[in-house]
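Notes follow the structure.
Every number in this text was worked out from the coordinates using simple rules, so none of it is lab data. Here the structure is a predicted model, which is why all the values come from computation and not from measurement. FYI the Cβ positions are ideal-geometry reconstructions off the backbone, even for glycines, and counts take in every protein chain you see.
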Amino acid sequence: MKLLTIAVPCYNSADYMEHCINTLLTGGSEVEVIIVDDGSFKDNTAEIADRYAAEHPDIVRVIHQENGGHGAAVNTGLAHAGGLYFKVVDSDDWVDEEAYRKVLDTLRTFAQQEQPVDMLIANYTYEHTNEGTTRTLDYRGKMPEDRVFGWEELGHFRPDQHILMHSVIFRTALLHESCLHLPEHCFYVDNIFVYQPLPLVKTLYYLNVDFYRYFIGRSDQSVNEEVMIGRVDQQLKITYFMLRLGDPMQMQLPKRLQDYMLHYLSMMILISSVFLVLSRKEENEEKRRKLWRDIQSIDPALYRQLRYRHICGFADMPIIRRRHILGNGYRIAKKLYKFN
């Protein structure tokens, strides 16, 4: 068994995928890099992927498939994963090679344990290449460092601190046990990837290294503000998917995990509401109202929690105040935290 499988979803990625793959190859033969060519047709992504597989047959595998979107590519990578652990690295991102070695050293110790750790968390860095700036998100003071711990030791996160796809490595068998299968032809599925398996996670480990480098700067990138407004229906689809997974407060989970999952769900509802409001379209305003009606209808207790005890409750204010508060709040947060 390989120590780590890294899935690299690629879609017309020829301009940048080589940088990503080259950093991953430094992990050596303990790592399995699965390049998923998700129906690329505008460039030579497929040829580049096949070349890497031919040059590094002990590390790189390539799977060509019809286009199904980011979720379908992740699903394919997971379905073919032969590693004890599983990681997703998008083709325009890369990893820090020194931190990579420390991550592999840590995973190697897990592999020797009778029950390997369920989830490894490391830091990630926003690489604002168009501005020449970076910003690293870490979890210092919120999690114990360099030892195994449980949810009861998790601290309270700042608004910009979440366990994201960039920061997490799951035990592969746990992902299969969670029945994780991401929606196809939809953006923002990374939120489901890091949310749905959490109830099965019993043991965590925080490695305080700046591992994942997250590229920010292309105008067509999924986290670009105008793109997010244009794709607000997809954001809404992911939010509904997560709501259907159930009320965390009604699950038999550690209290800190319940709190964290409810906070994450609250942020997803807030993000959906913000971009529905920022679009300034009446049809989207009706979708925002419907979202809150649906939450109240499906789970009145969850509705009360979200409406009156969490930040997303601001999204259910009268329309004039809502536009002012949500619009200004989003742009202040964007400037402060530089998340897109």
Worksheet item: Do the alpha carbons of any pairs in Lys87/Lys255; Lys102/Lys202; Lys87/Lys202 sit beyond 20 Å of each other, and which pairs?
Response: Lys87/Lys255; Lys102/Lys202
Worksheet item: Which loop-located trypsin sites (Lys or Arg not before Pro) does the stretch 1-102 contain, where loop means any DSSP state but H, G, I, E or B and the Cβ has at most 11 other Cβ atoms within 10 Å?
Response: Lys42
Worksheet, complete the sentence: Glu184 and Glu131 label points (each 7 Å along its Cα→Cβ direction) are spaced in nm at 3.8 nm
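How large is the charge dipole for the stretch 118-162, taken about the Cα centre, if only the Cβ atoms of Lys, Arg (+1) and Asp, Glu (-1) carry charge, to the nearest 20 debye? Walk me through the numbers on the way to the answer.
Details: 5 positive and 9 negative charges, 25 e Å.
I would put it at about 120 debye.
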Worksheet item: Which parts of the stretch 1-29 would a label at Glu47 reach, counting a residue when its backbone N lies under 20 Å from a point 7 Å out along Cα-to-Cβ?
Response: 10-22
Discussion item. At R0 = 25 Å, how high is the FRET efficiency between Lys290 and His310 if r is their beta carbon distance? Nearest 0.05 is fine.
Written reply: 0.85
Practice prompt. With N set to the residue count of the stretch 1-74, report its C-alpha Rg divided by 2.2 N^0.38 Å to two decimal places.
Written response: 1.02
Practice prompt. Could you work out the Kirkwood radius for the stretch 1-44, taking every pair of different alpha carbons, averaging 1/r and inverting it, reported in Å?
Written response: 11.2 Å
Worksheet item: Which value, in debye to the nearest 20, describes the size of the charge dipole of the chain about its Cα centre when Lys and Arg Cβ atoms bear +1, Asp and Glu Cβ atoms bear -1, and nothing else is charged?
Response: 1860 debye
Worksheet entry | Cα→Cβ-extended label distance, 7 Å offset, between Phe149 and Glu98, nm | 2.4 nm
Discussion item. What do you get for the angle between helix 319-337 and the principal long axis of the chain? Use alpha-carbon atoms, 0 to 90 degrees, nearest ten.
Written reply: 30 degrees
Worksheet item: Helix 45-55 versus the longest principal axis of the chain: what is the Cα-based angle in degrees, 0 to 90, to the nearest 10?
Response: 40 degrees
Worksheet item: With springs only between Cα atoms under 10 Å, which of Gln235, Gln250, Gln65 fluctuates most in a Gaussian network model of the chain?
Response: Gln250
Discussion item. Kirkwood hydrodynamic radius, the stretch 2-216, all distinct C-alpha pairs: what's the number in Å?
Written reply: 17.4 Å
Discussion item. Quick check: the angle from helix 232-244's long axis to the longest principal axis of the chain, C-alpha only, nearest 10 degrees?
Written reply: 90 degrees
Worksheet item: trypsin sites (Lys or Arg not before Pro) within the stretch 119-152: which are DSSP loop residues with at most 10 other Cβ atoms inside 10 Å?
Response: Arg147
Practice prompt. For the stretch 153-183 and the stretch 248-295, write down the distance between their C-alpha centroids in whole Å.
Written response: 18 Å
